[in-house]
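Student: I'd like to ask you about the structure that follows.
No lab work stands behind these numbers, since they all come straight from the coordinates. The shown structure was predicted, so the numbers you read here are calculated from the model rather than taken from an experiment. Because the Cβ atoms are built from the backbone with ideal geometry, glycine has one as well, and the counts that use them run over all protein chains shown.
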Amino acid sequence: MILRHKNTKIEYICTNFSYRKFKRPDCVIKIKNYKLTARITFFLFSFWFLGIYNAELLYKVQAHSLFLCNWVFAGDILNQSAGVLIYLSRFLTQFLYYPLLGALLLSLGLSGIEWGISRLFNIPSRYFLLAFIPSMLILLVQTSIGYALYYKFEASVVFSVVVGALFVLLLVAFYSLN
């Protein structure tokens, strides 16, 4: 038995439907475009969690980061291991001065990681929500910094995890093309 509501995109698929008093039907709610719904929900949650709930943390991370736009600073950073990643992460950390803008960039990066994982590894629709696990763990790592800010702390780690994961996904995509 399939019940469809006129104005919504929700279908109720019921099997073993009976009118007995104590037996309830085995119904499955099927939402069309559930992938898009899940992605928008995750983006909005991460934006709220980073930009509103943890706005002070993002601002303090930016205050502990140093980025100079000159060749001496760039040469010093780029000569380190993973120098391009650190330089790009320090550049993006400047945007945390405005926590909503920084949260927007981080949320876009986390959503990009989820989208890349689901596209590259061809995750079936049944296990689609598993693609959110790496993004959720990265979100947890970003917000569990806490008092580490007041010790010797590399503030660019907030963006370096996201940028590094996106870079790895790009490498996997280029490798899978060949």
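Student: For a protection proxy built on the mean count of beta-carbon atoms within 10 angstrom, sort 133-139, 107-113, 172-178 highest first, please. It would help to have the intermediate numbers written out before the result.
Tutor: Values: 133-139: 17.0, 107-113: 19.7, 172-178: 9.0.
Output ranking for 133-139, 107-113, 172-178: 107-113, 133-139, 172-178.
Student: Here is a follow-up. May I ask for the equivalent-ellipsoid semi-axes of region 34-177, computed as the square root of five times each C-alpha gyration tensor eigenvalue and listed largest first in whole Å?
Tutor: Values: eigenvalues 150, 79, 26 Å².
For region 34-177, the ellipsoid semi-axes come out as 27, 20, 11 Å.
Student: ARG119 to ASP76: extension gain in nm, 0.36 nm per residue of separation minus the Cα-Cα distance? Intermediate results must be reported in sequence, preceding the final value.
Tutor: Values: separation 43, 0.36 × 43 = 15.48 nm, distance 3.67 nm.
Full extension from ARG119 to ASP76 adds 11.8 nm.
Student: Using 0.36 nm times the number of residues separating VAL84 and VAL168, minus their current alpha carbon distance, what extension gain do you get? Before the final figure, lay out the partial values.
Tutor: Values: separation 84, 0.36 × 84 = 30.24 nm, distance 1.36 nm.
Value of the extension gain: 28.9 nm.
Student: In nm, give the distance between the simple-model label positions of ILE133 and LEU100, each being 7 Å from the Cα along the Cα-to-Cβ direction.
Tutor: 3.6
Student: Ranked highest first by average number of other Cβ atoms within 10 Å, how do 86-95, 48-57, 69-78 line up? Walk me through the numbers on the way to the answer.
Tutor: Details: 86-95: 19.5, 48-57: 16.0, 69-78: 11.7.
Per-residue mean Cβ counts within 10 Å order the peptides as 86-95, 48-57, 69-78.
Student: Magnitude of the Cβ-charge dipole of region 34-177, K/R +1 and D/E -1, about the Cα centre, nearest 20 debye?
Tutor: Values: 7 positive and 4 negative charges, 67 e Å.
Value, rounded to 20: 320 debye.
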